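In what follows, a structure is listed as structure tokens, so that the remarks can point back to it.
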Amino acid sequence: MSKSIDYDKIRERQKLIRNFSIIAHIDHGKSTLADRILEHTESVSARDMKNQLLDSMDIERERGITIKLNAVEIAYKAKDGNTYIFHLIDTPGHVDFTYEVSRSLAACEGAVLVVDAAQGIEAQTLANVYLAIDNDLEILPLINKIDLPSAEPDKVKREIEDIIGLDASDAVLASAKEGLGITDILEQIVHLIPAPTGDPEAPLKALIFDSYFDPYRGVIPSIRIVEGTVKKGDKIRMMATKAEYEVIDVGVFTPTEKKKDYLAPGDVGFLTASIKDVKNVRVGDTITSVPKSANEPLPGYRKLNPMVFCGLYPIDSGDYEDLRDALEKLKLNDASLIFEPETSQALGFGFRIGFLGLLHMEIIQERIDREFNIPMIATSPSVIYHVHQTDGSVVNIDNPCDMPPIQQIDFIEEPYVTATVMTPEDYVGVIMELCQSKRGIFGDMQYIGENRVQLVYQMPLLEIVYDFFDRLKSGTKGYASFDYEFSQYRRSDLVKMDILLNGEIVDALSTIVFREFAFRRGKAITEKLKDVIPRHMFEIPVQAAINSKVIARSTIKAMRKNVLAKCYGGDVSRKKKLLEKQKEGKKRMKAVGNVEVPQEAFLSVLSLDD
Amino acid sequence: MLTSIYVHIPFCDHICTYCDFHKEIASDRKKRNYIDALCRELVVHQDDLVDIKTIYIGGGTPLSLDEQLLAKLLETISQVVDTSRLVEYTIETNPNNLTASKIALLQHHGVNRVSIGVQTFQSAQLKFLNRDHKLADVTNGIQLLRDAKFPTISVDMIFSLIGQTMAELDDDLNKVIALGVDHISYYSLILEEKTILFHMYRKNEIEPNDEDLEGAMYERVIDTLQANGYDQYEISNFARNGAESEHNKTYWLNRDYRGFGSGAHSLMDGKRFYHEPNVRRYIQRAASDDFQPTSVEVTDGLADALMLGLRLTKGVSVTELNQRYDTDLFARYPELNNHINNGFIIHDNDRLFLSRSGILLGNIVFQTFVEVT
């Protein structure tokens, strides 16, 4: 079939492999550093360089963040004369994507920690560094943007030592933008990150750390070989799902796909095997060979549970199956995404989706819209409530519509998170005020470095879901950074607030609110809906109600005048275009009873200036 | 059969803040070259112009052309069209462009209707709209036309101006009625993209009127003009003693018309097409007699006939449309029944026409006749 494998050659080659990730806070320059490394190693000709090469999804490029991980094989000729094989595995920087970070870290032996020389350590950096340390990775600090006038590399070094507890004496001083310090970090990668261990003659163990779907070749898993080898024609088995396939091709990303004869320990690449069913390939699963199976799979990942939920409904009910298909494809390389069918009286058939956090939710919604082009309505996000009923039973509710009748509720518990905010000291007052207005319970305050403060609060996740990020950002001119993790469930005085349009409850607009906030929020929502729902041919009352008692009301007035005036020298096409635009706008709305509700209405409850 | 032509003059002396028509401020040389090109287009197509009944020279500001160029244009039209057989021959103008000699020139060539852009009688509003005429220009211009026994005078007005009050509108209405002209077009201000006003709106410098006020103003315009002898015969058009615009009715009755000049639109044999709105390229292409339209769109004749025909207050004839397009209106557009039930359309004998509420919310009806994918 294929020529026999020279294991001695593989062992020699293995010594030259270095697998690493880059960990950084958003905007600290991770993608630019990755680009420079690629350029420096001449993996990519300058002509092919697009800025931020690794970020291939449009959304990533636009938002300047990395969501999905990517892996690239690079050849680097070091000062010792050897040519090393680097595998650079990209990681997302945002807290919502901790799960993905842990996936990419599991495929590495080392990580470059990028810290902005002017900004210092941020809250989200901490979480990812500790994740890397937990994974036993060698961490190489790199202080970036030293060309900035406001750069304070010595101060940042101290922060790395004081806050994280890493030795920063050898930290590379770099400016990825200017190309400074790139050789230094490449040399450190060679000398400080260990070569992968793993026996090429052992039974195959390959970790699936990502996968994507190709319409012609099926599901393509991205893999890290830990033990053994895999080549074209091998019979393989997915250890968790037991599915078996014959390998069609193996290869690496350079960053374009390049076929190889085989993949051996330390290699990071892909295989194709005509895998049609996306469910059979689970990220975190181990691939082994059928004739010579491994006894134990590799340890999986720290699996994170979704914390934020919302409903997604196709605007056109005919798109329901397409939406399911889109969700399944997204789940393929985003195992943290969970979904199940649900039905809304107002919106019809859709899905209840669980996300790791708010950014994760936004990204998924945007990807469905852009990559699959399915117009849809997203309901306002919710968290999981523990509802203790009078009969002593407890139900978990992630959708306000499922709330039992008020007479059956004894009390409700809601999830609290430990929220950590790092900020220049000037903003401490603003942040404390914000946290308190969001029902935060003060935990701790510490100076970290000269002018920087770390604040810790216990806060209801529900309040973080409501515009906490935006207000933190605007209140601190973007200087504060924020991270949170689940802490515990606490008893709270919560009520379900319904919204009525034209006298009818719109289930998809129901929310759970803290009782004391209900009146204010009800008033804000009804006012907002009055502005976002266009006028109709009839007057529409908008009401907020708790337990069928109306607490706030506004009115959408009936349409008064809507007619095109002028015929422009016989330019009828233009008149038609305007009419088409109006009609098109209507099509993107969801008919709820006899009221046409635009998509933004369902999210309007989120962006209230209360 | 082609009975109407439109001639576009894309030149102005200044730019009004609300205007997004195809126009520019050009050098005399460019204007000369353009008129040459335009005359050439008319001459090349003169075989199509044997049955012309209406001509409309619009812009831009056609009467802002100097007398020499104006004369050249009018002479050329007289050569290619038998102007003695015209029922209507209109030119657009600003009040300050009306002079005794230009009026004489117009009459010499058979122009029998002027459409004057008055817009409002509020000085501050005129300034805000960047109109460069003075209030006296309106009365002076109309006096010159009367002195010359000029046949038909129309004026254009705008309501729902930024910050306009109902009292200001009443003042405008009183003054426009006092002019005693034959025809009034009264448009609501629309913030079109690519206008100065729209940019101001985007920067939150101005706030358009509330829809309720705009609706009330529109009704005030209709009621006041009707009470003073001006019949509303179209959404925005009012005529006294039957002086309806025959040319504009060709658009609303979905009959063929041919547009000449840069950016001009045409409907011929069920196809809509237009010249690219670009004066420089129009002149360049005319040098090689290239007057090919930019794009040709085959239209749904019935849909257009309804969308446009219902703008006329007398509406459309069901039998006539059924026969002309070999169809059954109500089977083709079942939504017509909803509009009738909602009181937007009145079905009286054989005719369908908009009610008052249908006029106010005409777009809801017109949307029925456009397709979105």
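General remarks:
- Note on segment A:520-577: residues that are among the basic types (K, R) and closer than 19 Å to B:L189 by Cα amount to 7.
- Hey, B:R240 at the interface with another protein chain (Cβ under 10 Å from one of its Cβ atoms) and either modelled with pLDDT of 95 or more or touching a Ser or Thr at 6+ places or on another chain (Cβ under 7 Å) (or both) or not: no
- Test: residue in segment B:58-67 that is assigned to a helix (DSSP H, G or I) and open to solvent by 10 Å² or more (accessible area, probe 1.4 Å): yes
- Candidates A:I139, A:I59, A:I74, A:I65, filtered to the one that is hydrophobic (A, V, I, L, M, F, W, C), modelled with pLDDT under 80 and either within 27 Å of A:K205 (Cα to Cα) or open to solvent by 10 Å² or more (accessible area, probe 1.4 Å) (or both): A:I65
- Residue match in segment B:282-300 (condition: within 12 Å of another protein chain (Cβ to nearest Cβ) and within 21 Å of B:R113 (Cα to Cα)): no
- Of the helices (runs of 4 or more DSSP H) lying entirely inside segment B:176-291, those containing at least 2 residues that are free of Cβ contacts under 8 Å to residues at least 40 places away in the same chain and open to solvent by 40 Å² or more (accessible area, probe 1.4 Å) are B:196-202, B:211-227, B:279-286.
- Residue satisfying all of: in segment A:547-577; open to solvent by less than 30 Å² (accessible area, probe 1.4 Å) and within 41 Å of the chain's Cα centre (by Cα); nearest to the other protein chains (Cβ to nearest Cβ) among these: A:I556
- Residues considered: B:N228, B:N209, B:N204. Of these, the only one that is more than 9 Å from every other protein chain (Cβ to nearest Cβ) and closer than 18 Å to B:Q122 by Cβ is B:N209.
- Answer residue from segment A:319-348, given it is under 14 Å from A:C401 (Cβ atoms) and over 24 Å from the mean Cα position of the chain (by Cα) and is most open to solvent (accessible area, probe 1.4 Å) among those: A:Q345
- The one condition in (1) in a strand (DSSP E or B); (2) aliphatic (A, V, I, L, M); (3) open to solvent by less than 10 Å² (accessible area, probe 1.4 Å) that A:L500 fails to fulfil: (3)
- If you check B:A264, B:A216, B:A239, B:A243 for being in the same structural domain as B:V181 (by TED's automatic domain parsing) and in contact with a Phe, Trp or Tyr (Cβ under 7 Å, 6 or more places away or on another chain), only one passes: B:A239.
- Among the residues listed as A:R217, A:R224, the single one being under 30 Å from A:K77 (Cβ atoms) and within 27 Å of the chain's Cα centre (by Cα): A:R224
- The number of residues in segment A:314-357 that are hydroxyl-bearing (S, T, Y), under 17 Å from A:P375 (Cβ atoms) and at pLDDT below 90 comes to 2.
- Across segment A:350-357, not a single residue is classified as surrounded by fewer than 19 Cβ atoms within 10 Å (Cβ to Cβ) and of a type outside the set (K, R).
- 1 or more residues over 27 Å from B:I158 (Cβ atoms) and modelled with pLDDT of 90 or more: qualifying helices (runs of 4 or more DSSP H) within segment A:508-610: A:515-532
- Single residue of A:I164, A:I208, A:I185, A:I220 found to be modelled with pLDDT of 90 or more, of a type in the set (A, V, I, L, M) and open to solvent by less than 30 Å² (accessible area, probe 1.4 Å): A:I185
- Considering residues of segment A:398-415 that are free of Cβ contacts under 8 Å to residues at least 60 places away in the same chain and assigned to a strand (DSSP E or B) only, the residue surrounded by the most Cβ atoms within 10 Å (Cβ to Cβ): A:I409
- Residue check, A:F514 more than 23 Å from A:Q599 (Cα to Cα), of a type outside the set (S, T, Y), within 31 Å of the chain's Cα centre (by Cα) and open to solvent by 20 Å² or more (accessible area, probe 1.4 Å): yes
- Residue that is touching a residue at least 24 places away in the same chain (Cβ under 8 Å) and either open to solvent by 20 Å² or more (accessible area, probe 1.4 Å) or in contact with an Asp or Glu (Cβ under 8 Å, 6 or more places away or on another chain) (or both), where the choices are A:D444, A:D531, A:D470: A:D470
- Residue in segment B:312-329 that is within 14 Å of chain A (Cβ to nearest Cβ) and either aliphatic (A, V, I, L, M) or under 19 Å from B:R272 (Cβ atoms) (or both) present: yes
- Candidates in segment A:253-279 are the residues that are out of contact with any strand residue (DSSP E or B) (no Cβ under 6 Å at 6 or more places or on another chain) and closer than 14 Å to A:M238 by Cβ; of these, the one that is least open to solvent (accessible area, probe 1.4 Å) is A:D277.
- Test for A:V428: is it of a type in the set (V, I, T), in a helix (DSSP H, G or I) and either modelled with pLDDT under 85 or more than 27 Å from A:L312 (Cβ to Cβ) (or both): yes
- Note on segment A:478-498: residues that are touching a residue at least 24 places away in the same chain (Cβ under 8 Å) and farther than 20 Å from A:F519 by Cβ total 13.
- Conditions (1) modelled with pLDDT of 90 or more; (2) closer than 18 Å to A:I89 by Cα; number of the one not met by A:D249: (2)
- Among the residues of segment B:330-373, just one is within 11 Å of another protein chain (Cβ to nearest Cβ) and assigned to a strand (DSSP E or B), namely B:L354.
- The set of residues in segment B:162-175 being open to solvent by less than 40 Å² (accessible area, probe 1.4 Å) and either within 12 Å of chain A (Cβ to nearest Cβ) or polar (S, T, N, Q) (or both) consists of B:Q164 alone.
The values are calculated or read from the model by the stated rules, or taken from the named source; none is laboratory data. Model, not experiment: these values are computed from the prediction. No Cβ is skipped: glycine too gets one built from the backbone with ideal geometry, and neighbour counts run over all protein chains shown. Surface accessibility is based on the protein's heavy atoms, side chains included, excluding ligands, DNA and RNA. Shrake-Rupley method; radii C 1.70, N 1.55, O 1.52, S 1.80 Å.
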